[in-house]
Amino acid sequence: MPAGYETLIMVFAPSFGNYLRPTAVMLNLLIVDPMNNPISLALWAVAGLIGGVMAGTKKGGFVVGLCVWLSCLGIIAFSVFMMFQSGLDFGSISLIMPPGYSFTDFLSVPIVQSLIGILISVVTGIGEGGTDVTSMIMAIVVPLAIFFLIPVATVIITGIIGGAIRPKE
Amino acid sequence: MMKRKITVALFLVAFLAIPAVVATGVNNGFTPAQDPETIISIFDEGAEALFTYVDNQGRPVVAYAQVGLPGAELEIDTPKYDNCIAMAVLQTRGDLLEYVLGTVGANLFNMSDSGTGSPDDGGLFSVNQILGYLGTEFGVLATAYLNIDATTAQQRMGAVVSNLQAAPFNFDFVDLIAIRLDEAFFAQLNFTGTLPFESLDIFFYQILSEPADVIAAVLDPLDDSGLLDAIDETKFTDEDISGSAAALIVIPNLDEILNMFGGDFLGGTITNPTDYMLAQTTNFGPMAIAAAAYVGDQTVEAGDTEISLAEIVGASTVFDPFNNRHSVVIAGLADAANVTGITPDDSGLAFMEGNMIFWNASGLHDLPAYTSGIPDFVIEFESDDFPPMVTVTRTFNPESVTPGNTVAVRVTVENDGDDPITNVTINDSAFLDRYSTLVVAGTFQTSVTSIAPGGNTYIEYTVTFQNEGAYAFTDGVVTYDYNGNSFEKPITDEAYLVSTDITGVLLSLVQDGWPYSGMLLGLVGLGAIFNLARARGGKSGSMYQV
């Protein structure tokens, strides 16, 4: 996992609880910008390939890939749920940076780097298209949605490939 | 006022302070604008400056800087620095940045006269608050390229990074962000002004190297035939210091920048020495500035009558300034002290303004008495206002724990001086309001009437952590009185790590998530039992064919 996530966990886990770590791990896996996070993309590809080979058929590879992605969704949903169940209060979150850490550490988080690029394009879009709030929101949401769908597409495709390449018994 | 002078002096070390001292002598009316040849010679030949200041707590701030031609190790004349307007490496540790910004923050952010700047005091916001959120410890490499395509800029940046990752620098980087500003970008923002460039690519990298390695990377390639040879570089990384910083700035072509900003962009109005210098531009070539600084622990105490720079910087040899370049020494003392004398005090080569002293070390070196070097730079003073030597320490036992366990914390105040201190208050309760999941017990603040010489007092408390993470033990403070004056000594800011291994992570997840985690494990277990039962029932042949 990128070092920035470790800083994020070290800084915010005292307030968010021990389920912040699995949430951050799942977030790093589920929202993937291929340009900034090729390792996660590779993990999905390998997982899909192995699952497809184990399933043995294209249909099986598709199902395995989809189930893997859905299970990751379930894990992050459970982790977020547990963060709130443990008594998370947004009003009491400590924003004090502990000595030895700094805001720049967060900039190494791939999703943060992607968001900065998105926000810069939103800023340029303000001048081009006026101040249409809907357009601004779409300019942020659409790339994030694409990053969200990249893992499921990757794991399904590689799962199908895995099922296709497995020698038939 | 003195604090502002200190901070301004720190920033001027590499630029205007050097020509000011070199050309001033004892001429109180000198301004840098009167001697452009000196300014130009600074950039052509190089210079160094050593700065020291001791505050009213007896704490020294030390900074050393060299400006001049970049060393061969930087490979400035290779294509990777073509179109590069600047490359900067900066790393800070501890409270040095807070110390500096705490003095200039009032000016930068239009804060109230009270200096805190908090909204309660009528200010916009508190600099300390901002630093608390952003952190004061970071390491960044930033480089900017002008008027080239993005791909070429990226390639050249990669070559710069490779050079800095190799010996003698051995930096360790991770890339952060890259920003490209060009005419298309500004056109879409409806910007109608004239830009002094066609495109600007700015790259940011995070420095992962340890502070000691960064200090070494900045100082080791420097020319140590001057004052640097006398300085103990370990002082910059000593564990007793409360903060340090190192910076390396390289400008491959100073002329290009001056030409870009020296014309209509400035409006042609000369109102200060900087504008005058820009108007006197000649063919400036590459330039590098390297600097390191630290904030030390108390070294001056009640009863002291002089400050020795050799002692402060840990000099094991005489100060031997540059032979053919400019060397200056700047030293200062808290306003409360009355400076009674300085050494050396040779006419025309030492200049005193209030409690700030400027020495032309290069000029002193030319005198017969100092051709073999200058033994020391000393400030003699009278003062009843420095406190006794007081040390404040916070210890954790054990040094790290896992979630669910307890640490014992002890804050000790020791009076190592010859006189008692009175009305001593220890307050280490600031962290209590930050974390709602802590279970605490013990004493977080106390007051005692006095601490005799050689005596101490302490507080002890325990903290039980439920969650992993780095817990900020900051903003603790010790106050005391001595000789009619009140002093405030901060307890060193620390982060206490509550870490866990994979087994601990899983256990804490199950415990924290109970009963939901139990239900989930039960479901998984039932599914496994079901499939095993099916397998034993002879349907394994179809298990892996979906």
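The values are calculated or read from the model by the stated rules, or taken from the named source; none is laboratory data. These figures come from a predicted structure and were not determined experimentally. Backbone-built Cβ (ideal geometry, glycine too); neighbour counts: all protein chains shown. Please note that ligands, DNA and RNA were not included when accessible areas were found on the heavy atoms of the full protein model with its side chains. Shrake-Rupley method; radii C 1.70, N 1.55, O 1.52, S 1.80 Å.
Does A:Ser79 satisfy the condition of being open to solvent by less than 20 Å² (accessible area, probe 1.4 Å) and touching a helix residue (DSSP H, G or I) at 6+ places or on another chain (Cβ under 6 Å)? For A:Ser79, the condition - open to solvent by less than 20 Å² (accessible area, probe 1.4 Å) and touching a helix residue (DSSP H, G or I) at 6+ places or on another chain (Cβ under 6 Å) - is met.
Among the residues of the stretch A:58-69, which ones are within 8 Å of chain B (Cβ to nearest Cβ) and open to solvent by 40 Å² or more (accessible area, probe 1.4 Å)? Steps first, answer last, please.
Residues of the stretch A:58-69 that are within 8 Å of chain B (Cβ to nearest Cβ), as a first pass: A:59-60, A:63-64.
Of everything in the stretch A:58-69, those that are within 8 Å of chain B (Cβ to nearest Cβ) and open to solvent by 40 Å² or more (accessible area, probe 1.4 Å) turn out to be A:Lys59, A:Val63, A:Val64.
In the stretch B:158-176, the qualifying residues are those that are within 11 Å of chain A (Cβ to nearest Cβ) and open to solvent by less than 30 Å² (accessible area, probe 1.4 Å), and the one that is modelled with the lowest pLDDT is B:Leu176. Just so you know, in the stretch A:128-141 the residues that are part of a helix (DSSP H, G or I) and surrounded by fewer than 11 Cβ atoms within 10 Å (Cβ to Cβ) include one that is modelled with the highest pLDDT, and it is A:Thr134. Total residues in the stretch A:1-31 satisfying the condition of being among the small types (Gly, Ala, Ser), facing another protein chain (nearest Cβ under 10 Å) and surrounded by 21 or more Cβ atoms within 10 Å (Cβ to Cβ): the figure is 4. Is it true that some residue in the stretch A:72-83 is within 9 Å of another protein chain (Cβ to nearest Cβ) and among the aliphatic types (A, V, I, L, M)? Yes, some residue in the stretch A:72-83 is within 9 Å of another protein chain (Cβ to nearest Cβ) and among the aliphatic types (A, V, I, L, M). Flag: B:Thr192 does not match the condition of being away from every other protein chain (no Cβ under 14 Å) and modelled with pLDDT under 70. For the stretch A:29-52, a tally of residues being among the β-branched types (Val, Ile, Thr), modelled with pLDDT under 90 and touching a helix residue (DSSP H, G or I) at 6+ places or on another chain (Cβ under 8 Å) returns 2. Checking the stretch A:97-104 against the condition returns a match, with at least one residue being at the interface with another protein chain (Cβ under 9 Å from one of its Cβ atoms), among the small types (Gly, Ala, Ser), crowded, with 22+ Cβ neighbours inside 10 Å and touching an Asp or Glu at 6+ places or on another chain (Cβ under 6 Å).
Can you spot a residue in the stretch B:246-254 that is farther than 30 Å from B:Gly373 by Cβ, assigned to a helix (DSSP H, G or I), at pLDDT below 70 and not basic (Lys, Arg)? No, because not a single residue in the stretch B:246-254 is farther than 30 Å from B:Gly373 by Cβ, assigned to a helix (DSSP H, G or I), at pLDDT below 70 and not basic (Lys, Arg). For the stretch B:323-344, a tally of residues being modelled with pLDDT of 90 or more and assigned to a loop (DSSP other than H, G, I, E, B) returns 1.
Would you call B:Thr395 in contact with a Lys or Arg (Cβ under 7 Å, 6 or more places away or on another chain) and surrounded by fewer than 19 Cβ atoms within 10 Å (Cβ to Cβ)? Break it down stepwise before answering.
Working: in contact with a Lys or Arg (Cβ under 7 Å, 6 or more places away or on another chain): yes; surrounded by fewer than 19 Cβ atoms within 10 Å (Cβ to Cβ): yes.
Taking the combined requirement at face value, the residue satisfies it.
Considering only residues that are within 14 Å of chain A (Cβ to nearest Cβ) and surrounded by fewer than 23 Cβ atoms within 10 Å (Cβ to Cβ), look in the stretch B:137-157 and name the one that is nearest to B:Ile249 (Cα to Cα). Step through it out loud before you land on a result.
In the first step, residues of the stretch B:137-157 are kept if they are within 14 Å of chain A (Cβ to nearest Cβ); the result is B:137-142, B:150, B:154.
Going one step further and asking which of them are surrounded by fewer than 23 Cβ atoms within 10 Å (Cβ to Cβ), we end up with B:138, B:140, B:142, B:150, B:154.
Details: B:Phe138: 16, B:Val140: 12, B:Ala142: 9, B:Ala150: 23, B:Gln154: 20 Å.
Among those that are within 14 Å of chain A (Cβ to nearest Cβ) and surrounded by fewer than 23 Cβ atoms within 10 Å (Cβ to Cβ), it is B:Ala142.
Looking at the stretch A:106-127, which of its residues are open to solvent by 50 Å² or more (accessible area, probe 1.4 Å), more than 8 Å from chain B (Cβ to nearest Cβ) and at pLDDT below 80? Even if it seems obvious, please write down each step before you answer.
Quick first cut of the stretch A:106-127, residues open to solvent by 50 Å² or more (accessible area, probe 1.4 Å) only: A:115, A:119-121, A:123, A:126.
After this cut, where a residue has to be more than 8 Å from chain B (Cβ to nearest Cβ) as well, the list is A:115, A:119, A:121.
Passing the criteria: A:Leu119, A:Ser121.
Give the residues of the stretch B:418-459 that are of a type outside the set (Ser, Thr, Tyr), under 30 Å from B:Leu507 (Cβ atoms) and within 31 Å of the chain's Cα centre (by Cα), sorted by residue number.
Taking the stretch B:418-459 first, the residues of a type outside the set (Ser, Thr, Tyr) are B:418-421, B:423-424, B:426-428, B:430-434, B:438-442, B:444-445, B:448, B:451-456, B:459.
Next, only the ones that are under 30 Å from B:Leu507 (Cβ atoms) stay: B:431-434, B:438-442.
Across the stretch B:418-459, the qualifying residues are B:Phe431, B:Leu432, B:Asp433, B:Arg434.
Taken as a whole, the structure leaves B:Leu222 outside the set of residues that are assigned to a loop (DSSP other than H, G, I, E, B), open to solvent by 20 Å² or more (accessible area, probe 1.4 Å) and at pLDDT below 75. Among the residues of the stretch B:462-512, those that are open to solvent by less than 30 Å² (accessible area, probe 1.4 Å), part of a strand (DSSP E or B) and over 30 Å from B:Gln57 (Cβ atoms) comprise B:Thr464, B:Gly469, B:Val498.
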